[in-house]
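The values are calculated or read from the model by the stated rules, or taken from the named source; none is laboratory data. Keep in mind it's a predicted model, so treat the numbers as computed, not measured. Cβ: placed from backbone, ideal geometry, glycine included. Neighbour counts: every protein chain shown.
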């Protein structure tokens, strides 16, 4: 099957380390494979003349964040977000693994067969692959195929959607829900105990 026809989830994260109020967010965006080229163009347009390699939530002001959330909300897609807590200092990778494992089961339920994650360092990418492999073997039905790839954020604008969703959920968890309200029913988030 052509990868453009495979139901893919595009994943990015946000986190906050704190001894009592830390959390880790992994946002997964599921788009209609037929709409991905058009959506890529829209995301590139949102970046505009900004002199950065990619669009990034933390570099936007309030107006840009609102515009970004509105553009994401206008796309026909679903955003599934796992939020793990607590995340004390130096425990973010453990929290990421817990969130990713829980998210895989949810994405399987939506028919996702491919995960596209924003690339990090080689060792951290390998850790993600081990987490995905273990989850595939332990929480998904035997024989399930779910491929995972790491892609640089600068080369794949569809990852920017998940960055925006993760940023919106982060803002909500910190008391500002105006961006998640724009995403409406296309956003499904759930809590994950990290045991950190």
Which condition breaks for residue 89 when tested against (1) touching a helix residue (DSSP H, G or I) at 6+ places or on another chain (Cβ under 7 Å); (2) surrounded by fewer than 20 Cβ atoms within 10 Å (Cβ to Cβ)?
(1)
Within the range 52-71, does at least one residue satisfy the condition of being touching a strand residue (DSSP E or B) at 6+ places or on another chain (Cβ under 7 Å), under 16 Å from residue 157 (Cβ atoms) and either free of Cβ contacts under 8 Å to residues at least 60 places away in the same chain or in a strand (DSSP E or B) (or both)?
no
Considering each residue of the range 179-196, count those that are part of a strand (DSSP E or B) and either touching a strand residue (DSSP E or B) at 6+ places or on another chain (Cβ under 7 Å) or surrounded by 20 or more Cβ atoms within 10 Å (Cβ to Cβ) (or both), and give that number.
6
Taking the condition of being modelled with pLDDT under 95 and not in a helix (DSSP H, G or I), how many residues in the range 116-139 meet it?
1
Give the residue that is nearest to residue 46 (Cα to Cα), with candidates limited to residues of the range 75-90 that are in contact with a strand residue (DSSP E or B) (Cβ under 9 Å, 6 or more places away or on another chain) and in a loop (DSSP other than H, G, I, E, B).
75
For a quick check of your reading of the model, give me the residue pairs whose first member lies in the range 160-183 and is free of Cβ contacts under 8 Å to residues at least 40 places away in the same chain and on the phi > 0 side of the Ramachandran plot, whose second is surrounded by fewer than 24 Cβ atoms within 10 Å (Cβ to Cβ) and in a helix (DSSP H, G or I), with beta-carbon atoms closer than 6 Å and at least 6 apart or on different chains.
none
Could you give every pair whose Cβ atoms fall below 8 Å, whose first residue belongs to the range 85-102 and is on the phi < 0 side of the Ramachandran plot and free of Cβ contacts under 8 Å to residues at least 60 places away in the same chain, and whose second residue is crowded, with 18+ Cβ neighbours inside 10 Å and assigned to a helix (DSSP H, G or I), counting only separations of at least 6 or pairs across chains?
97/131; 101/131; 101/135
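Using the structure shown, decide if residue 118 is surrounded by fewer than 17 Cβ atoms within 10 Å (Cβ to Cβ), within 20 Å of residue 24 (Cα to Cα) and either free of Cβ contacts under 8 Å to residues at least 24 places away in the same chain or within 15 Å of the chain's Cα centre (by Cα) (or both). Write out each step before concluding.
On the way: surrounded by fewer than 17 Cβ atoms within 10 Å (Cβ to Cβ): no; within 20 Å of residue 24 (Cα to Cα): yes; either free of Cβ contacts under 8 Å to residues at least 24 places away in the same chain or within 15 Å of the chain's Cα centre (by Cα) (or both): yes.
The answer is no for residue 118.
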Given the conditions (1) exposed (fewer than 12 other Cβ atoms within 10 Å of the Cβ); (2) over 30 Å from residue 195 (Cα atoms); (3) modelled with pLDDT under 90, every one holds for residue 19 apart from (2)
